Amino acid sequence: MSFNKTVFFIGDSITANGTFVHLLRLYFKEKGYRVYLQNKGIPGGTAELIHEALDEELEAHTPD
(Lines give C-alpha, C1' and ligand atoms only; values in the text may rest on other atoms or scores of the structure.)
Protein backbone atom coordinates (compact mmCIF):
# COMPACT_ATOMS: atom_id res chain seq x y z
CA MET A 1 0.00 0.00 0.00
CA SER A 2 1.43 3.38 -0.88
CA PHE A 3 0.58 6.57 0.92
CA ASN A 4 0.21 10.05 -0.50
CA LYS A 5 1.76 11.79 2.50
CA THR A 6 3.80 10.94 5.58
CA VAL A 7 3.33 12.94 8.77
CA PHE A 8 5.82 12.64 11.63
CA PHE A 9 4.95 13.39 15.25
CA ILE A 10 7.64 14.05 17.84
CA GLY A 11 6.96 15.08 21.40
CA ASP A 12 6.91 14.03 25.02
CA SER A 13 4.95 11.32 26.85
CA ILE A 14 1.63 12.77 25.65
CA THR A 15 2.72 12.10 22.07
CA ALA A 16 4.21 8.72 23.04
CA ASN A 17 0.82 7.71 24.46
CA GLY A 18 -0.39 7.61 20.85
CA THR A 19 -4.03 8.58 21.43
CA PHE A 20 -3.91 11.70 19.26
CA VAL A 21 -2.11 9.91 16.42
CA HIS A 22 -4.58 7.02 16.63
CA LEU A 23 -7.56 9.39 16.41
CA LEU A 24 -6.03 11.15 13.41
CA ARG A 25 -5.39 7.78 11.76
CA LEU A 26 -9.09 6.88 12.19
CA TYR A 27 -10.16 10.28 10.84
CA PHE A 28 -7.99 10.07 7.74
CA LYS A 29 -9.09 6.49 7.07
CA GLU A 30 -12.76 7.48 7.37
CA LYS A 31 -12.22 10.32 4.90
CA GLY A 32 -10.39 8.03 2.47
CA TYR A 33 -7.02 9.78 2.79
CA ARG A 34 -3.92 7.65 2.40
CA VAL A 35 -1.70 9.22 5.04
CA TYR A 36 1.07 7.44 6.94
CA LEU A 37 1.44 8.74 10.49
CA GLN A 38 4.72 8.09 12.29
CA ASN A 39 4.79 8.57 16.05
CA LYS A 40 8.09 9.25 17.79
CA GLY A 41 6.98 10.30 21.24
CA ILE A 42 9.71 10.27 23.88
CA PRO A 43 8.36 9.48 27.37
CA GLY A 44 9.88 11.98 29.78
CA GLY A 45 11.13 14.03 26.86
CA THR A 46 11.91 17.65 27.55
CA ALA A 47 11.84 20.42 24.97
CA GLU A 48 15.64 20.38 24.96
CA LEU A 49 15.82 16.60 24.40
CA ILE A 50 13.25 16.72 21.63
CA HIS A 51 15.00 19.67 19.99
CA GLU A 52 18.29 17.75 20.05
CA ALA A 53 16.65 14.68 18.45
CA LEU A 54 14.61 16.55 15.84
CA ASP A 55 17.10 16.86 12.96
CA GLU A 56 18.22 13.24 13.24
CA GLU A 57 14.64 11.93 13.43
CA LEU A 58 13.49 14.02 10.46
CA GLU A 59 16.43 12.80 8.38
CA ALA A 60 15.74 9.18 9.34
CA HIS A 61 11.99 9.29 8.68
CA THR A 62 11.74 11.81 5.80
CA PRO A 63 8.15 12.99 6.36
CA ASP A 64 6.33 15.28 3.98
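The values are calculated or read from the model by the stated rules, or taken from the named source; none is laboratory data. Note that the structure is predicted; figures quoted are calculated from it, not measured. A quick note on method: Cβ atoms are made from the backbone with ideal geometry, for glycine too, and the neighbour counts reach across all protein chains shown. To get the accessible areas, we keep the full protein, side chains included, count just its heavy atoms, and leave off ligands, DNA and RNA. Shrake-Rupley method; radii C 1.70, N 1.55, O 1.52, S 1.80 Å.
From the largest down, the chain spans 36, 24, 13 angstrom on the principal axes of its Cα atoms. Summarising the label geometry, the points placed 7 Å from Cα in the beta-carbon direction at ALA60 and ALA47 lie 2.4 nm from one another.
Taking a probe of 1.4 Å, how large is the accessible area per residue of the chain, in Å²?
Spelled out: the 1.4 Å probe surface of the chain, per residue, equals 76 Å².
Compute the helix-to-body angle for 19-31: its Cα long axis versus the longest principal axis of the chain, expressed 0 to 90° and rounded to tens. Taking Cα atoms only, the helix is inclined about 20 degrees.
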